[in-house]
1. Find the all-direction average of the projected area of the Cα convex hull for the stretch 426-483, expressing the result in square nanometres with one decimal place.
2. Which loop-located trypsin sites (Lys or Arg not before Pro) does the stretch 17-61 contain, where loop means any DSSP state but H, G, I, E or B and the Cβ has at most 16 other Cβ atoms within 10 Å?
3. Tell me, what are the semi-axes, in whole angstrom and largest first, of the equivalent ellipsoid of the stretch 253-298 as set by the roots of 5 times the Cα gyration tensor eigenvalues?
4. Do you know the relative contact order of the chain, to the nearest whole percent, from alpha carbon pairs under 8 angstrom that are 6+ apart?
5. What fraction of the Cα pairs in the stretch 5-95, stated in percent, has a spacing above 15 angstrom?
6. If the only charges are +1 at each Lys and Arg Cβ and -1 at each Asp and Glu Cβ, what is the size of the charge dipole of the stretch 391-483 around the Cα centre, to the nearest 20 debye?
7. How much accessible area per residue does the chain have, counting only protein heavy atoms and a probe of 1.4 Å, in square angstrom?
8. Keeping the other protein chains in place, figure out the carbon and sulfur percent of the accessible area of the chain, with a 1.4 Å probe.
Amino acid sequence: MHQLTLAEIARGLADKKFSSEELTKVLLARIAQLDPQLNSFISLTEDLALQQAKAADVRRANGESGALLGAPIAHKDLFCTLGIRTSCGSKMLDNFKAPYDATVVAKLAAAGAVTLGKTNMDEFAMGSANESSYYGAVKNPWNLEHVPGGSSGGSAAAVAARLLPAATATDTGGSIRQPAAFTNLTGLKPTYGRVSRWGMIAYASSLDQGGPLARTAEDCAILLQGMAGFDPKDSTSIDEPVPDYSASLNGSLQGLRIGVPKEYFSAGLDPRIAELIHNSVKELEKLGAVVKEISLPNMQHAIPAYYVIAPAEASSNLSRFDGVRFGYRCENPKDLTDLYKRSRGEGFGPEVQRRIMVGAYALSAGYYDAYYLKAQKIRRLVKNDFMAAFNEVDIILGPTTPNPAWKLGAKNSDPVAAYLEDVYTITANLAGLPGLSMPAGFVDGLPVGVQLLAPYFQEGRLLNVAHQYQLNTDWHTRTPTGF
């Protein structure tokens, strides 16, 4: 049962081959057995899961149907869940139980999805390796000595290890797509505003976006269908109709114009990954796509711009965690200043403190124009590059990451080296575009992803291309040894 995809689970439940309760019990037992070596979960919600599974079985018995009705999933631990710890991977929120459900959680619960637990993540979603979590690093099921990517590494590792078929995740600079690439999954970052951020604990509000992580494009379409839609509670949510993502999966790729930016194939890209990307281009050409070289001239400025904007927004967003109203509070503070200093100094980890400091500096008097304002101007140039490119092509294709997953601890002493691993993913966040990573092969036994980018609200196009590619390749079907 654990090898079934979301689509196969939906068919099995509809055909009464098994019940949601039976499936949930199998997966909970599998998590108990295998997760200690992965550390992909922060909290398990067995009682809630069995309660939701039984309710889903009753709904099906009463004639209801739906792709997510009775399907087991997990939530990244920054989606608020009523009465359940929502830690954001931080000591600061280790004791925080959310008093409400995030919109994404509520929508998926209404669709009948079964929540198995909350997955591990980089603290406050800050990181590319899932090593900054207060609850310890997550291991990559393809090689337990390597990182699974971040910040959604817990969701990625759990799905890749077949502990569950799909999970929610979030992407601020690549945190869905990069872990998908590192663990042989399909991960989709929707257009900014497509999925509600209400109840999703913020890192950088103008960049954060929730999305699905699963093994196939078909499963991502099913999960995104349940997540997407306008939310009046979220001021950045866009009132745009949600298409039927599954219905567009089987469209022909004949005449599809694919742009491959020349800037992607620089000295920083592992040549073995470059070869796999070229192979995936050839595969899509066989399906009728037309490929042309394009240019994104301002891509070189994206990383410095991102690492000014994101920390600046983080320093503002994280100021609410002060030891006063909720979250961690230091012991016996002498006065208010001591309460603030020690609560934040003890509650936040080193990576979060580093980014708060960078952000506060960039926003300070005298430096705002030199750093933050300039970064926002670069952001506009990056967006303009994409708008010009999409006048010529329908999607943009390239590597998701410049290298395969690195060893645990390998970049801990050099944070900038880890930041540079986001070079291909952060531009989509700066521009607010949808992006998808799908499996494209292996290097030294470690998975590699190919990234697709599309114009605003063209998630269906990305899913269509990925699905057609997956019908003609088998990379996404490979399972890590031992799982």
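The values are calculated or read from the model by the stated rules, or taken from the named source; none is laboratory data. Bear in mind that the values here come from a model prediction, so they are computed numbers and not experimental data. Glycine gets a Cβ as well: all are built from the backbone with ideal geometry, and neighbour counts include every protein chain shown. Surface accessibility is based on the protein's heavy atoms, side chains included, excluding ligands, DNA and RNA. Shrake-Rupley method; radii C 1.70, N 1.55, O 1.52, S 1.80 Å.
1. Working: hull surface 19.7 nm².
Reported value for the Cα convex hull: 4.9 nm².
2. Numbers: sites: Lys17, Lys25, Arg30, Lys54, Arg59, Arg60; in loops: Lys17.
Loop-located and lightly packed - Lys17.
3. 21, 15, 5
4. Values: 1144 pairs, mean separation 85.4, N = 483.
Averaging sequence separation for qualifying contacts and normalising by length gives 18 percent for the chain.
5. Numbers: 2594 of 4095 pairs.
Roughly 63 percent, rounded to a whole number.
6. On the way: 4 positive and 8 negative charges, 42 e Å.
Dipole size: approximately 200 debye.
7. Numbers: 17520 Å² over 483 residues.
Heavy-atom SASA per residue in the chain reads 36 Å².
8. On the way: 9250 of 17520 Å².
Ligands and nucleic acids excluded, carbon and sulfur reach 53 percent.
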